[in-house]
Structure formats: structure tokens, C-alpha cells
Amino acid sequence: MISIRFLEKRILQLLFIIFFSQCSTLKKENAHLQQLISANQLKKDVDFTHKKFQKLHPKLDYYISKEKLDYKFDSLKTTIHTPLTPLEFYKKISPVVAAVRQGHSYVLVPEKQFSKKETKAILKKGTGPFSQFNFSFSNDKLYVTKNKSYNKSITAGTEVLSVNGIKPLDLVQEYNQYYTSDGFNTSLKKQNAAKRFISAFTSEFGIKDSLQYLLKSNDSIKLVTIKRLKSDSIKKKTAKIASKTVSTNKAKLRELKRKKRINGFEKTTNTFIREFHFSAKDSSVAILKIRAFKKGNFKKFYKESFAEIKKRNTKTLIIDLRNNGGGQLNEIVHLYRYLADSTFVFLKKSEVVSRASLF
């Protein structure tokens, strides 16, 4: 009979093996980012991508003819003469993949991978210099919409001319080539421009503990350095607020906790994913703001919201889906059931090239 002690020893050994194998894999993947890949191997990768598209992608010629797509893949190979890094190759092959114009078909940016321990260490250091602001992109310009940093002189509406000398528009326009929306839609890239700039900057230059922002407010231009906001200072502020709230009203805290659980809550932006309220004048107009179809108890949220609409005999419902990036289909179907007055077909049957394309 195998002893408990023996089993514990074996389990510990297995855990150590898994841990060190994961560390080894991460090191290899990260080292690969700096390695040059031979031109011959890159051309094989182009052929592999082309063949996989032909084998697995339904209606590949829906937005581009087979002849044009074949030409793009063949032309790409003629431009590869020297070894390239994974990021350099990504910048070559991504526009060809994007030519298919299917939003969910794209190449992932090769980026440094972090272990759980490394990720925890970064988070422990505090809020990064990008995360201390909310941004929006309008008329090819990047603006601050909310300042959460320690530098309160930066007001909403301030234009970001550059970050560490990099102009936002230059990076956004470059990375817009590397992915596509569905078909000829143009709104997605405009909505994603601010986020795309941050992710592209991080892909190119890595995670930074400080950034130099060149800012323009009215006619004034200034250079500001924003450093990582240490978590200690955030905790102190949170603790003060929490202690005041607890002493004033525990019931409100319980209600807030319930609301976060049902509505869904985004910690990074400190906003509820779903919100329901009536217009300021009266209850004849109800407003549903849905930022994404994810997180929270959506069934309970919609049940309670539409029960309130029925109770107050509300005549008009406004559903605000601006900047909603999508999410889970079952929630969208569930919401649509409240809106449709008859049975409906929400999705057509899925189409695949072969059974193998499902796996």
C-alpha cells in the first residue's frame, strides 16, 4: 500500500517539474523574440498560413477574390530576402491576413510573456503611466478624457502630442494595417484607436515605469513625466474612503457589492458594465447603457430592468451600445428576447470547410 507521505512527495516533485518547465518555456519564447528567422523558414510560414486559410476558412473569397489573395501571398514571399525577427515578420504578414477582411482572423503581435510571479510583481509596483489616464481619439488626435494620476494639472481635453517622442497618429496608422474590421466597416478602428496606440506602444517598447508626455492645452505646450503610481498610495486612499463608508452606511456597501455582481464591474476603468436609469424628467424614457456583453449576472440585470420598465409603464427605451466591443452571444440573444414581439432567427447555422476546421 502506497503511503500518504510518498504520495505527497511525488505530488511536490510533479509540481516542481511543471513550474520549472513553464519557466523554461517562457524563457525560450521570450528569447525567440530577439532571434532572427531565416528567409527560407519565413517563406515556409507564409505558405503554411496560405494553406491553412484555404483549408479552414469558409467563404475566403467573400471580400477578396481568390486570385487577388493568392497574388498577395505570392508577392509577400518575393519581399523576404533576409532574416527577420518575429515582430518584423508580423508586420509583413499581418496586412495580407487582414486583406481577407474578417475581423476575427488576425495574427497576434509577438510580445514578451510574463510568468504569474512576474505579473504579480508588476502589479504590486503600482499603476502604470498609461493606466493613470483615460484616452480618446478624435480627428486623428489623442486626448485625455480622465486624469487619475498624481499630477492634477492635466485636465480633460488635453491633447497628447507625443509619448516618449512617439506621435500617437503615426503608431495608430501603422498598426491599423495589421488588423481589420468585418468587411469595409471603418468605425471599429476609430473607436479602438486610443487602445490600439497603447497596445502598439507596449508591443514596440515594452512596459514602462515612467513616460514623457508632450501635452497641449489651449495654446500651452508642456513636457510632463508620469511615473508609476505606487500601490501603497492607492491603498491608503482606498482605506480612508472604505473606513468612512463603513462607518456611515454598511447597507450601502452591501448594495454596491450586489450591484457590481449583477451589473458587472470593470476595475480598470472603475465603471459598471451595465447601467439602467430613467431620464431626468420622468419615467417615460428609460436608458440602458451596455458597455460590453460580458461579466456579471446579465439575466438578473435584464429581468429587474424590464420589470421596472413594465411597472412604470415606460413608453420609450434607449439602448446605448456606443463603444461596446461585443462579447458573449447568449447575453445578446437573451436581451433580444425582451425586444422581439415574435419568434426570431438570431444566427444562421455555422458554416465550416470541414470537420477538422472545428478543432
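With an 8 Å cut-off on Cα pairs and a minimum separation of 6 or more residues, tell me the relative contact order of the range 17-113 in percent.
Numbers: 75 pairs, mean separation 39.0, N = 97.
Rounded, it is 40 percent for the range 17-113.
Taking chymotrypsin sites (Phe, Trp or Tyr not before Pro) across the range 128-172, the ones in a DSSP loop with at most 15 further Cβ atoms lying within 10 angstrom of their Cβ are Y150. Only helices enter the 222 nm calculation for the chain: every DSSP H run of n ≥ 4 contributes -39,500 (n - 2.57), and dividing by all residues gives -15500 deg cm²/dmol, rounded to 500. Candidates L171, Q102, S136 compared by Cα position along the dipole of the chain: farthest toward the positive end lies S136, with charges placed on Cβ. For the pair the range 46-123 and the range 283-359, the centres of their Cα atoms are 33 angstrom apart.
Taking only Cα atoms of the range 68-135, what ratio of Rg to Rh do you get with Rh as the Kirkwood inverse-distance radius?
Working: Rg = 17.8 Å, Rh = 15.4 Å.
Ratio of gyration radius to Kirkwood radius for the range 68-135: 1.16.
Helices in the chain that qualify as membrane-span-like (whole DSSP H runs, Cα extent of at least 24 Å along the helix axis, mean Kyte-Doolittle hydropathy of 1.0 or higher) do not occur. For the range 125-205, the list of trypsin sites (Lys or Arg not before Pro) that fall in a loop by DSSP and count at most 11 other C-beta atoms within 10 angstrom reads K152.
If you average over every viewing direction, what projected area does the convex hull of the Cα atoms of the range 17-113 give, in nm²?
Numbers: hull surface 29.1 nm².
One quarter of the hull surface, i.e. the mean projection, equals 7.3 nm².
Which trypsin sites (Lys or Arg not before Pro) in the range 310-359 pass both tests, a DSSP loop state and at most 16 other beta-carbon atoms within 10 Å? Walk me through the intermediate numbers first.
Numbers: sites: K310, K311, R312, K315, R322, R337, K348, K349, R355; in loops: R312, K315, R322, K348, K349.
Those that pass, being in a loop and sparsely packed, are R312, K315, R322, K348, K349.
In a shell of Cβ-Cβ distance under 10 Å around G325, excluding G325 itself, what net charge do Lys and Arg (+1) and Asp and Glu (-1) give? If you can, show how the numbers build up before the last one.
On the way: positive: K195, R291, K294; negative: none.
Residues close to G325 contribute a combined charge of +3.
Toward the positive end of the charge dipole of the range 249-339, with +1 on the Cβ of Lys and Arg and -1 on the Cβ of Asp and Glu, the farthest Cα among N270, N324, H334 is that of N270. The amide H of I37, built 1.01 Å from its N in the peptide plane, has L84, T85 as neighbours under 5 Å, considering only residues 5 or more places off or on other chains.
In the frame of its principal axes, the chain has Cα extents of 79, 67, 54 Å, reported largest first.
Extension gain for H104-N323 works out to 77.1 nm (0.36 nm per residue, less the C-alpha to C-alpha distance).
Laboratory data are not the source of any read-out in this text; all were calculated from the coordinates shown. These numbers come from a predicted model, not from an experiment. All Cβ positions, glycine included, derive from the backbone under ideal geometry; neighbour counts span all protein chains shown.
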